[in-house]
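The values are calculated or read from the model by the stated rules, or taken from the named source; none is laboratory data. Given the structure is predicted, the values throughout are model-derived calculations rather than measurements. Positions of Cβ are generated from backbone atoms using ideal geometry, with glycine treated the same way; all protein chains shown enter the neighbour counts.
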Amino acid sequence: MAKEMAIDNKLKGASQLQKKYIVLSEDDIRARQEQAITEVSSMLSTSRASACIVLRHFNWDVNEVHDSWFADEEKVRKTTGWLKIPVVSDPSLNDNKRLRITCQICFDDYPCNRMFGASCGHLFCRTCLQTYIAMSIKDGSGCLFLRCPEGECSAIVGDELFDALATYDDKLKYCWYLVRSYVKKDVKWCPASDCKYAVEFVADADDSCDVLCECGHSFCWKCTMDAHHPVDCNSVSTAPRVV
Ligand SMILES: [Zn+2]
Ligand SMILES: [Zn+2]
Ligand SMILES: [Zn+2]
Ligand SMILES: [Zn+2]
């Protein structure tokens, strides 16, 4: 019996040694994001879309969201652009859906029911907001934090507007940026070009942090340069590159 246990422990030790890191696919990351969104939306009693906005600002760290929110809700709302109440609200818009108002980008008039805007209440015509959104997606992952086009307004544009106004291809890009925004203390994306895997380091960083990604690329998890064990990270970054 004791012998069996000893063998068991030895095997356990061996498998733990091997398991220094886990390669995460896009689906794994999405599942983790969904889990975090569920936790935060119930913690703050809010919609999944709002929970997602807050999480991406706090590097998907549920504890950090919790601590920041309960320490200073106003500050979190300000930095994330998640407004509590609209900056402008015109009750007559609800009474008369065909009331014409001026788009503050192109200065043409449109019926208010054909205009779009974020939670702040500033309204713009479809074409102008569509162009604004398309340009931000083209510029890169900053689109995840895009603010209302009205002057100093800090309201975040948010997923619903992207969903309503972006083209199919742009929506795919936006979703990918959202997945890639999942960067944590122990999770890094594989640096190989076009690779869609991330690597989670589960062991304490010891002398070798070389990991092998599913794509076949081998890199040092600590500095993300090509695998370089047993040379340490500092020596690699200062050594002359052999081309
Ligand atoms: Zn316009
Ligand atoms: Zn606004
Ligand atoms: Zn890879
Ligand atoms: Zn390194």
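Condition (residue is more than 16 Å from ligand 3 (Cβ to nearest atom) and charged (D, E, K, R)) applied to region 136-146: is it met by at least one residue?
Within region 136-146, one or more residues are more than 16 Å from ligand 3 (Cβ to nearest atom) and charged (D, E, K, R).
Of all residues in region 129-145, how many are in contact with a strand residue (DSSP E or B) (Cβ under 9 Å, 6 or more places away or on another chain) and within 16 Å of ligand 2 (Cβ to nearest atom)?
Total satisfying the criteria: 3.
Every residue in region 16-73 that is assigned to a helix (DSSP H, G or I) and of a type in the set (F, W, Y), please.
W69, F70
Quick check: is even one residue across region 81-99 under 30 Å from R32 (Cβ atoms), in contact (Cβ under 8 Å) with a residue 40 or more places away in the chain and part of a helix (DSSP H, G or I)?
Looking for residues that are under 30 Å from R32 (Cβ atoms), in contact (Cβ under 8 Å) with a residue 40 or more places away in the chain and part of a helix (DSSP H, G or I), one finds none in region 81-99, hence no.
Looking at (1) modelled with pLDDT of 85 or more; (2) more than 27 Å from G140 (Cα to Cα), which is the one condition that is false for T238?
Condition not satisfied by T238: (1).
Need the failing condition index for A203 against (1) touching a Lys or Arg at 6+ places or on another chain (Cβ under 6 Å); (2) at pLDDT 95 or above, just the number.
Of the numbered conditions (1) touching a Lys or Arg at 6+ places or on another chain (Cβ under 6 Å); (2) at pLDDT 95 or above, the odd one out for A203 is (2).
Could you grab me the full set of residues in region 126-140 that are buried (at least 21 other Cβ atoms within 10 Å of the Cβ), more than 14 Å from D163 (Cβ to Cβ) and of a type in the set (A, V, I, L, M, F, W, C)?
Residues satisfying the conditions do not exist here.
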